[in-house]
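Each remark here refers to the structure printed beneath this line.
The values are calculated or read from the model by the stated rules, or taken from the named source; none is laboratory data. Since this is a predicted model, take the numbers as computed values, not measurements. Cβ atoms come from the backbone with ideal geometry, glycine included; neighbour counts cover every protein chain shown. Remember, those area values only see protein heavy atoms, side chains included, never the ligands or the DNA or RNA. Shrake-Rupley method; radii C 1.70, N 1.55, O 1.52, S 1.80 Å.
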Amino acid sequence: MCNTENIHILSGAQQGIDLISKTLGFSKAHIAIENPTYLGALKSFKNQDFIIHPIDVENDGLNISQLKQLLLETKIKFIYLMANFQTPTGVNISQKKDYNF
């Protein structure tokens, strides 16, 4: 159940990305993003001075091997990804990938 004080009405996705990047991260925080990714999100993350770690997008979603290796080596604050119709590739994350860490 969600309380009304936990609901935020936004004018669009970009406003949500900006809000999340300002509240979840701190300057020099390490984040992981898809590569390629939505340029508006990338700009927002760069404006917050995050240390950005790109993870390749394959034809069936995020490269899980790269992500696992990064998580072993680096304390990641958050991961920005699109599960369905990833921008700009249009790829969907496959349910067949091994997401067990």
Margin query: Just to check, using Stokes-Einstein with a Kirkwood Rh over alpha carbon pairs, what's the diffusion coefficient of the chain at 10 °C and 1.306 mPa s in µm²/s?
Written below: 108
Check: If you line up the long axis of helix 13-24 against the longest principal axis of the chain, both from Cα atoms, how many degrees apart are they, to the nearest 10?
Finding: 90
Checklist line | Ranked order, Leu39, Leu62 - accessible area, probe 1.4 Å, largest first | finding: Leu39, Leu62
Next item on the list: Would you rank Leu70, Leu81 by solvent-accessible area, highest first, keeping every protein chain in place and using a 1.4 Å probe?
Entry: Leu81, Leu70
Check: Once you wrap a convex hull around the alpha carbon atoms of the stretch 22-70, what is its projected area averaged over all directions, in nm²?
Finding: 3.6
Margin query: What is the percent carbon and sulfur in the accessible area of the chain, measuring with a 1.4 Å probe over the protein chains and ignoring ligands?
Written below: 55
Checklist line | Cross-link table Lys46/Lys77; Lys77/Lys97; Lys28/Lys97; Lys43/Lys75, entries beyond 20 Å C-alpha to C-alpha | finding: Lys77/Lys97; Lys28/Lys97; Lys43/Lys75
Item checked: Per-residue SASA entry for Tyr99, accessible area with 1.4 Å probe, Å² rounded to 10 -> 90
Next item on the list: At 7 Å along the Cα-to-beta-carbon direction for both Thr74 and Leu10, put a label point, then send me their distance in nm to one decimal.
Entry: 2.3
Next item on the list: Would you mind listing how long the stretch 46-101 runs along its three principal axes, going by Cα atoms, in whole Å with the largest first?
Entry: 31, 26, 13
Check: Are there trypsin sites (Lys or Arg not before Pro) in the stretch 1-78 that DSSP puts in a loop and that have at most 12 other Cβ atoms within 10 Å, and which ones?
Finding: Lys28, Lys75
Next item on the list: Working with all protein chains in place, sort Thr37, Thr4, Thr23 by solvent-accessible area computed with a 1.4 Å probe, largest first.
Entry: Thr4, Thr23, Thr37
Check: In debye, nearest 20: dipole of the chain around its Cα centre with unit charges on the Cβ of K, R (+) and D, E (-)?
Finding: 200
